[in-house]
Amino acid sequence: MKKGLAILLILLLVCSGSLAEDAVTSATLKIDMLPAVEAADNGILVVYFSPGDTVRAAAYILAAALSADLFEIVPEEPYTTDDLNYYDRNARSMVETGDSTARPAIAELPEDLSRYDTILLGYPIWGGQAPKILYTFLENTDLSGKTIIPFCTSNSSGIGSSDTNLHALTDDSVLWQKGTRIKKGSTAEEITLLAQTLITE
Ligand SMILES: Cc1cc2nc3c(=O)[nH]c(=O)nc-3n(C[C@H](O)[C@H](O)[C@H](O)COP(=O)(O)O)c2cc1C
């Protein structure tokens, strides 16, 4: 009887362990820790918005691979778990996604981007598009003459029109590169390799 109980306990532990691991790796990237980023003042900045930390992980790895600076788009009003519940059409993120005029406020915009010529711009896909706070950022930041390289993370959607729909928010002097989706489950090694292709494209 004791032996049976022990086997049952071991089985329960094994099952709960693998479930927990799946839950982490299937919803996010395969990254345990954010890497240390040492910027090299090389004109590259990684700007990102990441209420759920997936884009943040990708942004840090890209910045570490490119020795770039990082800037986080922080909302004035942080998104709660309820705000991010996309099963609830009344959740804040869903309401904003459906409202073409929504422009959520940013806590602090970057003061001076003149030393950067290339900006990697990272965001999660919301309803197939970039979250409206990206629109706030682009409409309120002087990016003239810069190259912008969009990247996104998502559960399953591709980047779709989410990147090209951002083009109209900047002036004609901005050179937009084709955007990239970082697949769910990507590893740090894969994202590091991707970083080099983004810049040399
Ligand atoms: C409001 C909302 C809408 C979403 N819409 C989509 C979608 O259309 N397609 C998709 O694949 N994932 C969608 N997702 C999932 C996110 O794109 C995905 O979890 C992303 O990696 C989250 O990044 P973050 O952790 O940096 O916030 C949505 C998430 C939210 C909160």
Quiz item: Within the chain, which complete DSSP H helices have Cα atoms spanning at least 30 Å along the helix axis and a mean Kyte-Doolittle hydropathy of -0.5 or higher?
Solution: 2-27
Quiz prompt | Using θ = phi - 60° and Karplus 6.51 cos²θ - 1.76 cosθ + 1.60, couplings along segment 143-160 (whole Hz; Gly, Pro as x) | solution = 10, 4, x, 8, 9, 10, 10, x, 9, 9, 10, 7, 6, 8, 5, x, 6, x
Quiz item: Can you list residues whose amide H is under 5 Å from R181's amide H, if they're 5+ apart or on another chain and H is modeled 1.01 Å from N?
Solution: C152, I159
Quiz item: Which FRET efficiency, nearest 0.05, do E76 and D172 yield, Cβ-Cβ r, R0 35 Å?
Solution: 0.75
Self-check item: Mean residue ellipticity (222 nm) of the chain, computed from DSSP H runs ≥ 4 via -39,500 (n - 2.57), nearest 500
Solution: -10500 deg cm²/dmol
Quiz prompt | Nearby aspartates and glutamates by direct alpha-carbon distance to K183 (threshold 17 angstrom, same-chain neighbours under 8 apart not counted) | solution = D22, D32, D53, D163
Self-check item: Estimated dipole of the chain in Debye, rounded to 20 [Cβ of Lys and Arg +1, of Asp and Glu -1, Cα centre]
Solution: 1060
Quiz item: Given H placed on each backbone N at 1.01 Å, which residues far from I148 in sequence or on other chains put an amide H within less than 5 Å of it?
Solution: I119, L175, W176, Q177
Practice problem: Convert each backbone phi in segment 169-176 into a coupling constant with the Karplus relation 6.51 cos²θ - 1.76 cosθ + 1.60 (shift: θ = phi - 60°), then list the ³J(HN,Hα) values in order as whole Hz, x for Gly and Pro. | Solution: 7, 10, 7, 5, 7, 7, 9, 8
Self-check item: Length added when fully stretched, Q196-A105, from 0.36 nm per residue minus Cα-Cα
Solution: 29.5 nm
Quiz prompt | Whole-Hz couplings from phi, Karplus 6.51/-1.76/1.60, listed for segment 104-118; x for Gly and Pro | solution = x, 6, 9, 4, 8, 8, x, 6, 8, 9, 4, 7, 10, 10, 10
Exercise. Please label the shape of the chain as rounded, prolate or oblate, based on the square roots a ≥ b ≥ c of the eigenvalues of the alpha-carbon gyration tensor (a/c under 1.5 means rounded; beyond that, a/b larger than b/c means prolate, else oblate).
Key: prolate
Exercise. Please list, in chain and number order, the residues 5+ apart from G122 or on another chain whose amide H is under 5 Å from its amide H, with Hs placed from the backbone.
Key: V47, Y48, F49, F151
Quiz item: Gain in length, N85 to D41, computed as 0.36 nm per residue apart minus the alpha-carbon separation, to one decimal in nm?
Solution: 12.0 nm
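Values in this text are rule-based calculations from the coordinates and carry no lab data. Since the model is a prediction, treat every value here as computed from it, not as a measurement. Positions of Cβ are generated from backbone atoms using ideal geometry, with glycine treated the same way; all protein chains shown enter the neighbour counts.
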